[in-house]
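Notes for the one structure printed next.
The values are calculated or read from the model by the stated rules, or taken from the named source; none is laboratory data. Fair warning: this is a prediction, and the values are worked out from it, not measured in the lab. All Cβ positions, glycine included, derive from the backbone under ideal geometry; neighbour counts span all protein chains shown. Please note that ligands, DNA and RNA were not included when accessible areas were found on the heavy atoms of the full protein model with its side chains. Shrake-Rupley method; radii C 1.70, N 1.55, O 1.52, S 1.80 Å.
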Amino acid sequence: MEIATPPAAASLAPRSAAQAMVPPSRFGDKAFEWLTLAMAMAVVLLVILIGWQLWRGSSLAVQKFGFHFLTTSTWDPVTEQFGALPFIYGTLVSSFIALLIAVPLSVATAVYLTELAPLWIRQPIVSLIEMLAAIPSVILGLWGIFVMIPWLRDYPFPLLKRFFGWTPFFSGPIYGTSMLAGGIIIAIMILPIITSVSREILRSVPNLQREAAYALGATRWEVTRIAVLSYARKGLFGAVILGLGRALGETMAVTMVIGNTPQIAASLFKPGYTLASVIANEFTEATTDIYLQALFEIGLVLFGVTILVNLIAQLLLKTLTTTSTTRAVQ
Amino acid sequence: MVNLIMASPDPAVVEHVERPAELSPTTEPAPPLTFQVKNVSIWYGEKRAIDDVTLDIASNAVTAIIGPSGCGKSTFLRCLNRMHELVPKTRVEGRVLLQGEDLYSSTVDPAIVRRRVGMVFQKSNPFPTMSIGENVIIGLRLNGVRNQKFLNERLEKSLRMAALWDEVKDDLHKSGTSLSGGQQQRLCIARALAVEPEVLLMDEPCSALDPIATAKIEELIYELKAQYTIVTVTHNMQQAGRISDFTAFLYMGRLIEFGSTTKIFTNPSQKQTEDYITGRFG
């Protein structure tokens, strides 16, 4: 090894001819910067273009129905009456059910995989979860129709009705295809992404944080609570948002089990319809201009709902994290 | 993270008046000694990190552990509160007695050991989502203390002991990570002191700090000695000389020499110790 030259001035001067002969070129840096900038802008441009295209494609419908499109519930192509409210409702409710089921499951799985599971079992579980993500939506939908729905109809739904039938959410006749079934199938579809992102987040919690808690005599659950989950909560929230994004736009499997009835019903046993499902189901039969435009507008609404939900989530995150750090002790 | 037995909410621990019954003395208590380490060897899988170390750690004194990187200093320190068990596949042979009680007896809960033997780390690690005040009292909260008045008193007392009270008393609600590096390290000391441990282990507590912050921590260690037994690992020979009463020199997992700091630094009996202290290797 070479001995370092002590004085600073001496080390700046070229020490050999070879070093002096190659002036560093700035061209590579510039090219790299422009290239990455172009790539980043392309993504932004794509989002803007999609939004604009949806807007253009639905301009007639927007003019004709105006704000009523969002607030009315009639969807009748024959009389050319189009109201998107049941679809908005269906999308939000089914996604909410999905989050309610998937978030605890995924975060618990991630905690188990990073904090508790024996090392040899971790990789097999991770691989299985990734495999779940690789199942095509339509296959999951078929499974939903032929396996999940009959089972739900025969066992869990009657149980839910027996114990919670007094609430409006679990009352009324049980058909099988329902809002609840839609939510469950979405939950299955967003489980892998929330789990794997949460797992990465939890893995990135410094060990020093865990040690700090252990050194205070914390048990494993306490360590997980005060050092791991609390440290990672921002990231976990991000994982949930990612899952929510997927849930809102999930199409095929939901379409196959949700029942495709545009109605707003309190009971989760009743069929529903989502924004994505109606586009998938009806665009081939949209023969009139206004019908097609209305479907385009549904797309625009889905686009807007997704953006809006993400914005709200980020605002929520911001307020949550600022209030809890300033919570006083005394 | 193996072999951790979950702590049960033990009223004796919550009240801090009495030690849990399962830590009953197995040998005669030796008042001036806090730890008696007897023929301890530690393995990480197949690798032996500590090889047959026997040494006594005196109460109300600072014992420094020195040695080159990888000599097992940290492992040795961590075996005093069973923190090394967090690494999978560790194995311990020999006995570590704390006030005469075997820490590795099968009935002892490591969580309770760690409440009695506090620890401060190389890098300060306050909990970033908690305020300064919450950071200090979190250990008490884990022990089930709910009395707000008691918590506030202990909060102030711990911060005063860590010589941090005057600097943060108006900012207790601010995030623990808003402090400077040296302040954060003192916050971590306050956090460790708040549960009133018997011993404070310090794993190179100043290695990430500037000289002024280091001086403050050293001063603090000197003051804490009156009430606590302190065991510290350090890379810094001058620091060991300044702050410790006893020094243990470890090399390749073996205890080469142990004695009063004055003796180790002025008249070591082993050639290896002398070589290390004078900077000829390590």
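Annotation note: Cβ proximity below 6 Å between a residue of segment B:226-245 that is under 19 Å from B:Pro268 (Cα atoms) and a residue that is in a loop (DSSP other than H, G, I, E, B) and open to solvent by less than 10 Å² (accessible area, probe 1.4 Å) (sequence gap 6+ or interchain) occurs for B:Ala240/B:Thr234; B:Asp245/B:Ala61.
Taking segment A:230-239 as the range and being open to solvent by 10 Å² or more (accessible area, probe 1.4 Å) and either more than 12 Å from chain B (Cβ to nearest Cβ) or touching a helix residue (DSSP H, G or I) at 6+ places or on another chain (Cβ under 7 Å) (or both) as the test, the residues that pass are A:Tyr231, A:Lys234, A:Gly235, A:Leu236, A:Phe237, A:Gly238. Please determine whether any residue of segment A:240-253 is within 14 Å of chain B (Cβ to nearest Cβ) and either in a helix (DSSP H, G or I) or within 19 Å of A:Pro86 (Cα to Cα) (or both). The answer is no, given that none of the residues of segment A:240-253 is within 14 Å of chain B (Cβ to nearest Cβ) and either in a helix (DSSP H, G or I) or within 19 Å of A:Pro86 (Cα to Cα) (or both). On the basis of being open to solvent by 30 Å² or more (accessible area, probe 1.4 Å) and either away from chain A (no Cβ under 12 Å) or in a strand (DSSP E or B) (or both), does B:Ile212 make the cut? So B:Ile212 fits the description; yes. Segment A:135-210 holds helices (runs of 4 or more DSSP H) entirely within its bounds, and those carrying 3 or more residues that are in contact with a Gly (Cβ under 6 Å, 6 or more places away or on another chain) map to A:179-203. Can you tell me which residue in segment A:93-122 is surrounded by the fewest Cβ atoms within 10 Å (Cβ to Cβ), limited to those that are free of Cβ contacts under 8 Å to residues at least 60 places away in the same chain and within 14 Å of chain B (Cβ to nearest Cβ)? Checked segment A:93-122; the qualifying residue surrounded by the fewest Cβ atoms within 10 Å (Cβ to Cβ) is A:Trp120. Of the residues making up segment B:159-169, those that are away from every other protein chain (no Cβ under 11 Å) and surrounded by fewer than 21 Cβ atoms within 10 Å (Cβ to Cβ) number 6. Being facing another protein chain (nearest Cβ under 9 Å), assigned to a loop (DSSP other than H, G, I, E, B), open to solvent by 10 Å² or more (accessible area, probe 1.4 Å) and out of contact with any Lys or Arg (no Cβ under 7 Å at 6 or more places or on another chain) narrows it down to one of B:Pro88, B:Pro68, so name that one. It is B:Pro88.
Those residues that are closer than 16 Å to B:Glu46 by Cα and in contact with a Leu (Cβ under 8 Å, 6 or more places away or on another chain), I need them from segment B:72-94; list them, please. B:Gly72, B:Glu85, B:Pro88, listed by residue number. Residues in segment B:119-158 that are touching a strand residue (DSSP E or B) at 6+ places or on another chain (Cβ under 7 Å) and within 7 Å of chain A (Cβ to nearest Cβ): B:Met119, B:Phe121, B:Pro128, B:Ser131.
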